[in-house]
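Visitor: Have a look at this one before I ask anything.
Here, each number is a calculation from the coordinates, and none is a lab measurement. Note that the structure is a prediction, hence the values are computed from the model and not measured. Neighbour counts are summed over all protein chains in view; Cβ atoms, including those assigned to glycine, are modelled from backbone coordinates with ideal geometry.
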Amino acid sequence: MSEPQPTDEAAAAHAVRTHCAIDYPNGSRCLNCHARYPCDIRLAAVEILVAAAWQDEAIMALDARTGPWF
């Protein structure tokens with residue numbers, strides 16, 4: 001994999017924010033695509049951010065939801 005570009009990082013950060021876990025009776029699902037959590041998109045996005053030297057805490061902080069999820 002080549003060095004991540006700033007645009008790659010921005011897209012990956014957005015993907016991590018939008019592809020977060022939500023609890024369902026049969027287990028965690030992706031809020032965005034409803035695949036089993038973690039979905040392929042989130043895994044790829046986290047891989048890009050790790051390659052760009054993001055710390056785990058910074059990646060986890062991206063999952064700051066803006067409202068109550070019922």
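Visitor: Quick one: which of 41-52, 3-14 comes out on top by average Cβ neighbours within 10 Å, and what's the full order, highest first?
Guide: On the way: 41-52: 17.3, 3-14: 13.7.
Peptide ranking by packing, descending: 41-52, 3-14.
Visitor: Enter the angle in degrees (range 0 to 90, nearest 10) between the Cα long axis of helix 6-18 and the first principal axis of the Cα atoms of the chain, meaning the one along which they spread out most.
Guide: On a 0 to 90 degree scale, this one is about 10.
Visitor: OK, next. Treat each spin label as a single point 7 Å out from the Cα along the C-beta direction, and report the Ala35 to Ala21 distance in nm.
Guide: 1.7
Visitor: Once every Cα of the stretch 6-61 carries one equal point scatterer and solvent is ignored, give the base-10 log of I(q)/I(0) from the Debye formula at q = 0.13 Å⁻¹, two decimals.
Guide: The Cα Debye sum returns log10 ratios of -0.31.
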